[in-house]
Amino acid sequence: PLREPMDCMSARSTVREVALMFHIQFGKTEVAINALGYCMDHDPGPVMVCLPGEVSMNKWVAQKLNHAVDESPAMKRALTSVASRDAANTRTFKDFAGGQLYIEHAGSPSRLKSTAVRTLLVDEVDEFANNLTGGDDPLEMLNGRTSAFPATYKRLYISTPQIKGLSRIEQLWAKSDQRRYHVPCPHCGHMQHLQWSGLHWTPDASACWYVCQECGASIYEHHKQAMIAAGEWVPG
């Protein structure tokens, strides 16, 4: 399921904006980290990663970015190919071969106004404030950072949705072609996106299964891996 969104962030794709409305623990941040690694190694340029607040920004650097750099020879090579020990390289700004990495949070207007980037990676957008102290929308300010690259910019928005009707990621997804991940029924092959209404369980919750929308057959946990592997994204 993560392959196509990551392909959309590549230089060969004509897609400019990707909105991932994913549930918790479904690889959202993995897409962002891999898109960043691709930018650093294959298609270098100025890139910004933005988190909702300072705490989440510092946590992302410590738990996601630093780990990725340690585990990825390509990312480590990109960073060490320039003067990585130079004073310009800090916790939230890093030079790499052919580009720069800016790590910001959405709580500071001054941090969102001053940098032009080609690639924008926005994590947990539903946790952003609706407006900053001066009345500015942080998401609109972020989008403006890519205006210097009208033909080549890439924007990635990822989040678990929160309140329906107020969710930023829901609004962004609604503006897209509204792709959902469809998987085949192991019994009849019918492609379908899984819905809560198809889930069934016993009164004591000792057993749980999914019912195919087409043939009505029961689908169990052991079918999941093969179904996901054979799945595909289908526009709404």
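The values are calculated or read from the model by the stated rules, or taken from the named source; none is laboratory data. These figures come from a predicted structure and were not determined experimentally. Glycine gets a Cβ as well: all are built from the backbone with ideal geometry, and neighbour counts include every protein chain shown. Just the protein is used for accessible areas: all its heavy atoms, side chains included, with ligands, DNA and RNA removed. Shrake-Rupley method; radii C 1.70, N 1.55, O 1.52, S 1.80 Å.
In order along region 93-106, phi translates into HN-Hα couplings of 9, 9, 7, 9, 4, x, x, 9, 10, 10, 10, 10, 10, 7 Hz, rounded to whole numbers, per the Karplus curve 6.51 cos²θ - 1.76 cosθ + 1.60 with θ = phi - 60° and x for Gly and Pro.
Taking only the alpha carbons of region 23-162, we obtain Rg and Dmax values of 14.4, 43 Å in that order.
Whole-percent P(r), region 1-88, all Cα pairs, 10 Å bins from 0: 14, 46, 34, 6. For the set Ile163, Ile169, solvent exposure ranked by accessible area (probe 1.4 Å, protein chains only) runs largest to smallest as Ile163, Ile169. Using 10 Å bins from zero, what percent of all Cα-Cα pairs in the chain falls into each bin? Bins of 10 Å from zero give 7, 28, 31, 19, 11, 3, 0 percent of pairs.
Each Lys and Arg adds +1 at its Cβ and each Asp and Glu adds -1 at its Cβ; summed about the Cα centre, the chain shows a dipole of about 500 debye. Per residue, the convex hull spanned by the alpha carbons of region 109-236 comes to 162 Å³. By the rule of a second cysteine Cβ within less than 4.7 angstrom, the chain holds isolated cysteines at Cys8, Cys39, Cys50, Cys208. Per-atom-type breakdown for the chain gives carbon and sulfur 52% of the accessible area (1.4 Å probe, protein chains only). Dimensions of region 161-232 based on its C-alpha atoms, expressed as ranges along the principal axes with the largest first, amount to 35, 31, 20 Å.
Our coupling estimate for region 33-48, obtained by passing each phi through the Karplus curve with A = 6.51, B = -1.76, C = 1.60 and θ = phi - 60°, is 5, 5, 5, 5, x, 4, 4, 5, 9, 10, 9, x, x, x, 9, 10 Hz, Gly and Pro reported as x.
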